[in-house]
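Reviewing the structure listed below.
The values are calculated or read from the model by the stated rules, or taken from the named source; none is laboratory data. Predicted model, so just to flag it, every value in this text is computed and none were measured. Reconstructed Cβ throughout: ideal geometry from the backbone, glycine too, with neighbour counts over all protein chains shown. Surface accessibility is based on the protein's heavy atoms, side chains included, excluding ligands, DNA and RNA. Shrake-Rupley method; radii C 1.70, N 1.55, O 1.52, S 1.80 Å.
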Amino acid sequence: MSENITNFLASGIEIKGTIRFQNDMHIDGKIEGEIISDNGLVTIGELADIKGDITAGDVRIYGHVEGKVQSERCSLKKQAVLIGDVTTRTLSMEEGAQLRGRTEIG
(Lines give C-alpha, C1' and ligand atoms only; values in the text may rest on other atoms or scores of the structure.)
Protein backbone atom coordinates (compact mmCIF):
# COMPACT_ATOMS: atom_id res chain seq x y z
CA MET A 1 0.00 0.00 0.00
CA SER A 2 1.70 3.18 -1.15
CA GLU A 3 -0.74 5.80 0.13
CA ASN A 4 0.47 7.92 3.02
CA ILE A 5 -2.06 7.90 5.85
CA THR A 6 -1.92 10.76 8.35
CA ASN A 7 -2.52 9.98 12.01
CA PHE A 8 -3.96 12.78 14.14
CA LEU A 9 -3.70 13.46 17.88
CA ALA A 10 -6.20 16.20 18.69
CA SER A 11 -5.89 18.85 21.37
CA GLY A 12 -7.19 17.58 24.69
CA ILE A 13 -5.31 14.29 24.30
CA GLU A 14 -2.42 13.76 26.74
CA ILE A 15 0.08 10.93 26.32
CA LYS A 16 3.01 9.88 28.49
CA GLY A 17 5.39 7.46 26.84
CA THR A 18 6.91 6.69 23.44
CA ILE A 19 4.92 7.13 20.23
CA ARG A 20 6.31 5.14 17.27
CA PHE A 21 4.70 5.13 13.82
CA GLN A 22 5.44 4.65 10.12
CA ASN A 23 3.19 7.18 8.38
CA ASP A 24 2.69 10.90 8.91
CA MET A 25 1.43 12.28 12.23
CA HIS A 26 -0.17 15.61 13.13
CA ILE A 27 -0.08 16.36 16.87
CA ASP A 28 -2.11 19.05 18.62
CA GLY A 29 -2.16 17.36 22.03
CA LYS A 30 0.21 17.18 24.97
CA ILE A 31 2.95 14.55 24.89
CA GLU A 32 5.58 13.72 27.46
CA GLY A 33 7.92 11.22 25.85
CA GLU A 34 9.64 10.30 22.61
CA ILE A 35 8.10 10.68 19.16
CA ILE A 36 9.70 8.35 16.59
CA SER A 37 8.98 7.86 12.90
CA ASP A 38 11.49 6.24 10.55
CA ASN A 39 10.76 8.41 7.52
CA GLY A 40 7.43 10.09 8.16
CA LEU A 41 6.41 13.71 8.53
CA VAL A 42 5.68 14.87 12.08
CA THR A 43 3.71 18.10 12.35
CA ILE A 44 3.63 19.68 15.80
CA GLY A 45 0.49 21.84 15.66
CA GLU A 46 -0.03 25.29 17.18
CA LEU A 47 -1.85 23.84 20.19
CA ALA A 48 0.73 21.10 20.86
CA ASP A 49 2.95 20.95 23.94
CA ILE A 50 5.73 18.39 23.60
CA LYS A 51 8.26 17.47 26.29
CA GLY A 52 10.53 14.87 24.73
CA ASP A 53 12.75 14.07 21.77
CA ILE A 54 11.49 13.88 18.19
CA THR A 55 13.11 11.65 15.56
CA ALA A 56 11.59 11.67 12.06
CA GLY A 57 12.32 12.23 8.39
CA ASP A 58 10.59 15.61 8.31
CA VAL A 59 9.60 17.69 11.36
CA ARG A 60 7.41 20.81 11.10
CA ILE A 61 6.91 22.73 14.33
CA TYR A 62 4.12 25.25 14.82
CA GLY A 63 3.75 24.77 18.60
CA HIS A 64 5.94 24.26 21.69
CA VAL A 65 8.66 21.60 21.95
CA GLU A 66 11.15 20.96 24.75
CA GLY A 67 13.55 18.28 23.59
CA LYS A 68 16.01 17.26 20.88
CA VAL A 69 14.96 17.10 17.25
CA GLN A 70 16.72 14.71 14.86
CA SER A 71 15.55 14.74 11.24
CA GLU A 72 16.40 15.07 7.56
CA ARG A 73 14.37 18.31 7.37
CA CYS A 74 13.21 20.58 10.19
CA SER A 75 10.93 23.61 9.73
CA LEU A 76 10.18 26.08 12.51
CA LYS A 77 7.08 28.10 11.69
CA LYS A 78 6.57 31.70 12.87
CA GLN A 79 4.91 30.86 16.22
CA ALA A 80 7.14 27.84 16.99
CA VAL A 81 9.13 27.58 20.22
CA LEU A 82 11.84 24.91 20.32
CA ILE A 83 13.95 24.53 23.44
CA GLY A 84 16.53 21.89 22.64
CA ASP A 85 19.22 20.85 20.20
CA VAL A 86 18.55 20.20 16.51
CA THR A 87 20.42 17.76 14.28
CA THR A 88 19.17 17.98 10.71
CA ARG A 89 20.28 18.06 7.10
CA THR A 90 18.06 21.09 6.28
CA LEU A 91 16.73 23.72 8.72
CA SER A 92 14.28 26.48 7.87
CA MET A 93 12.99 29.10 10.28
CA GLU A 94 10.28 31.65 9.69
CA GLU A 95 10.59 35.12 11.18
CA GLY A 96 9.27 35.01 14.75
CA ALA A 97 10.20 31.36 15.42
CA GLN A 98 12.21 30.80 18.62
CA LEU A 99 15.06 28.32 18.97
CA ARG A 100 17.05 27.91 22.18
CA GLY A 101 19.66 25.22 21.74
CA ARG A 102 22.47 24.08 19.52
CA THR A 103 22.09 23.23 15.85
CA GLU A 104 24.03 20.76 13.74
CA ILE A 105 23.13 21.18 10.07
CA GLY A 106 24.43 19.20 7.12
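The table for this structure:
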| quantity | calculated |
| --- | --- |
| GluC sites (Glu not before Pro) restricted to segment 27-106 and DSSP loop, no more than 10 other C-beta within 10 Å | Glu95 |
| Qualifying trypsin sites (Lys or Arg not before Pro) for segment 58-104 [loop in DSSP, other Cβ within 10 Å: at most 11] | Lys78, Arg102 |
| Average accessible area per residue (Å²) across segment 45-106 - probe 1.4 Å, nucleic acids and ligands excluded | 54 Å² |
| Portion, in percent, of the accessible area of the chain that falls on carbon or sulfur, probe 1.4 Å | 44 percent |
| Aspartates and glutamates whose Cα lies under 13 Å from that of Lys77, excluding same-chain neighbours fewer than 8 positions away | Glu46, Glu94, Glu95 |
| Lys, Arg +1 and Asp, Glu -1 on Cβ, resulting dipole of segment 29-104 about Cα centre, debye, nearest 20 | 160 debye |
| Violating pairs (Cα-Cα greater than 18 angstrom) within the set Lys30/Lys51; Lys30/Lys78; Lys16/Lys78 | Lys30/Lys78; Lys16/Lys78 |
| Identified option (computed Cα extents along the principal axes in Å; candidates [x] 40, 34, 28; [y] 34, 30, 22; [z] 40, 27, 20) | [y] |
